[in-house]
Every structure is written in C-alpha cells, then in structure tokens.
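Heads up, the thing below is written out as structure tokens.
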C-alpha cells in the first residue's frame, strides 16, 4: 500500500462517514484506510456497526470518486491533509477516536505551523453590537501580535473576529461545517473568500458538501482541539460556543471569556469561590439587537478597561500555560497561573438541576417595552425562556499572591 492509496482511501471515507465517527476511526486503526474502504463492498458489517447502519454506509460508498475530490481541492489551491503528514496538527490527536479522518485545507499557509500559536474566539451569532466590537478588537489585537485567530466563519462574533484579524493582515483560520468551496452562511460569502485568499479554510467534509445542524456541533470539537485556548465573547445557554468551551475544558485547553462590558470599571471579586450570579448584571445597550435578551458571557473574566488590554491578558495566559508548568488545579484550570490581585473565573459546570439561587438578579424590561417582565436572570441567562431549569454556574478562582 502506498501513501497515495492511503490518501485516496481516506478522501473517500470523508464522504462515507460523518465527522467525529468514532467507529470509523477504530476501523482505521485496526484495518487501515484501504481495507476499511474495501469492506464496504461486503454485506458483512465491521465490528461495532449494526445491519441498518452498515446498509446506510454502503449506500454512501456507491459511486464515489475520491480522485475527482482531490482534483477539485487542488484546483482551489488546497490539499487534503492526513494524519501522519508533516502539515497535520498533532494536537488533533487529543480527540482520540473522534479525531478527523483527514482535513480539507484551502490556503497557502501551513496549518500545523499556524496552529502552534493559535487562539479560538467564538460567540453568539446574534451578538450585541458591543460583543461584535469586542470580538473585532480581540481579533485584530491578537493577530497583530502574532497569534493565529481561529473561528467558525459564522454570523455575529465569528465574522467580527475574522474581519478584525484580516483588517491588520494577520493570520486567521475558518473551520467550516461544509466543504471549503461552499460559502455558508451565504451572507458571509465575501468574508469566506477573503479567508481562503489571506488565511486558511479548514473542513472535515469534502468539496461540495453542505452543512447540517449536527455538523455544526461536531465542527466545534476541531476548533477546541486545534487551538491552545478558547475565548467566549457572548453565548446563549444553548449556544454552540458553550459546546466549544466544554470541549476545550475537557481537552485541558485554557478557556476564557468576556463576562460583561470591559470598557468601563467593574466591581472586584474580593474572595475565591464568589459566584458571579451575585454580581449586578449589565444589560445590553437599548439600541443593540439583543437588548432584553438573556445572553451569558462565560469563562475567566479578563477584567480590564479596553479590549487591547484584554488581548494582552489573553496572550499572557496562553503563553504561561504553554511555557510554564501548571502549579495547581485540574486540567484547563487557571488556578495558580494568575498574577497577584487579578482574580479570574472559570467554568466549573454548565448543567445544574437546582432552581435559581436567591442571588439571581431580576431584570426589569426596557422603558417602553410592554411585554411581561422575565422571571429572573442568572448570570445573564433568562430563566424559563428555554424551558429548562439549567443554569450556568461560574466559579471565581483567585490566584495566590506571589512575593511579600
């Protein structure tokens, strides 16, 4: 078996299996890509596949032309990167059986080299005007200082952070839930084209494939694993950005976020384990699209007065985790890594069946709004708006003071 045969077989398998198919990766480890592809010509399913699922996979395997897919990506100035290639980012192997079969990459830069110094910035598609401003400033500030900015090329925060990085001529990577030749969402078609020309577009799906809801969720694990840290700007309770944050924490990556306005002074968190739900909530600007909506901003509070300082804090913590031994705390924790007098916060749980605490802050509707007032907001999440008793619990961790 040659490397060419292995590459062609893996390209074909990206059309047969869905992203993150753990059974497919186990078959690849056991039989190899070429033998796994040949097995779809048999009626006997491989271990771990039911008869029904095997029939569906065999249906997908009919009429495949992986050589045409490889020619199509080559015509776009891209390539298909497999595990074991010099360009393959080894940190994706942290996903275990959920790692990609291969990555379709469009752009001139080396994905592996860019991913070595990268940070993901994600957030809500229906973000506030302030959230879009912060995301764009984070993207431009990080890119100007040599960091690769990774996001999903979606509306809202994703588009803002990509535009910020491109505005300063920095490195940015768009991880798509479709083929790299498909502009989705259509409204960001021009942005996706610019990312393909000036940065990198990355996808697990072959050229021409279109996104589905499950593919968006599975795409987030690649964003989390590819980067050294993740920053959440704004996210609703069921946002895919929180999926990325959970993935990042599970992989031991640094997870940060913007908890509330950072252009103005914020009240300090004087003691460890203080719940952010006890702090006053700052509602979005009345002129913003998400005014009155419950949006949650999660992860460590980068508590400075402007986004440029926030970007500097982000880079400092990413560098500290990458270059210094962890002093204390679980994987992904910031405990022991914070400088003195700067308490940070960290997501400890995204699911809780308990009712809202007595410290939840009720929010009054805006002036002129005749709709009934919401029940409560817990850390910016409107209770009952999603038909769930879940609430986001964010704990504050205060680093020990160094020196006298």
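The values are calculated or read from the model by the stated rules, or taken from the named source; none is laboratory data. Quick caveat: nothing in here was measured; it's all calculated off a predicted structure. Using ideal geometry, Cβ is built from the backbone for each residue, glycine included, and neighbour counts are taken over all protein chains shown.
Below, the figures for the structure above:
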| read-out | value |
| --- | --- |
| Looking only at region 135-167, and only at residues there that are surrounded by fewer than 21 Cβ atoms within 10 Å (Cβ to Cβ) and in contact (Cβ under 8 Å) with a residue 40 or more places away in the chain, the one that is nearest to residue 233 (Cα to Cα) | 137 |
| Subset of region 173-199 (residues that are closer than 15 Å to residue 139 by Cα and assigned to a strand (DSSP E or B)) | 173, 174 |
| Check on residue 123, surrounded by fewer than 24 Cβ atoms within 10 Å (Cβ to Cβ) and touching a helix residue (DSSP H, G or I) at 6+ places or on another chain (Cβ under 9 Å) | no |
| Residue identified as in a loop (DSSP other than H, G, I, E, B), surrounded by fewer than 19 Cβ atoms within 10 Å (Cβ to Cβ) and at negative phi among 23, 55, 109 | 109 |
| Exclusive hit being crowded, with 17+ Cβ neighbours inside 10 Å, touching a helix residue (DSSP H, G or I) at 6+ places or on another chain (Cβ under 6 Å) and at pLDDT below 50, set 279, 302 | 302 |
| Flag for residue 45 being within 18 Å of the chain's Cα centre (by Cα), assigned to a loop (DSSP other than H, G, I, E, B) and within 24 Å of residue 22 (Cα to Cα) | no |
| Pairs with Cβ under 8 Å, 6+ apart, first in region 168-187 and without any contact (Cβ under 8 Å) to a residue 12 or more places away in the chain, second crowded, with 22+ Cβ neighbours inside 10 Å and outside any loop (DSSP other than H, G, I, E, B) | 183/192 |
| Criterion: part of a helix (DSSP H, G or I) and closer than 24 Å to residue 85 by Cβ - qualifying residue of 166, 142, 95, 138 | 95 |
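To keep it simple, each residue is scored yes or no on (1) surrounded by 19 or more Cβ atoms within 10 Å (Cβ to Cβ); (2) at pLDDT below 95; (3) within 19 Å of residue 13 (Cα to Cα).
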residue: 195; (1), (2), (3): yes, no, no
residue: 204; (1), (2), (3): yes, no, yes
residue: 212; (1), (2), (3): no, yes, yes
residue: 222; (1), (2), (3): yes, no, yes
residue: 226; (1), (2), (3): yes, no, no
residue: 235; (1), (2), (3): yes, yes, no
residue: 240; (1), (2), (3): yes, yes, no
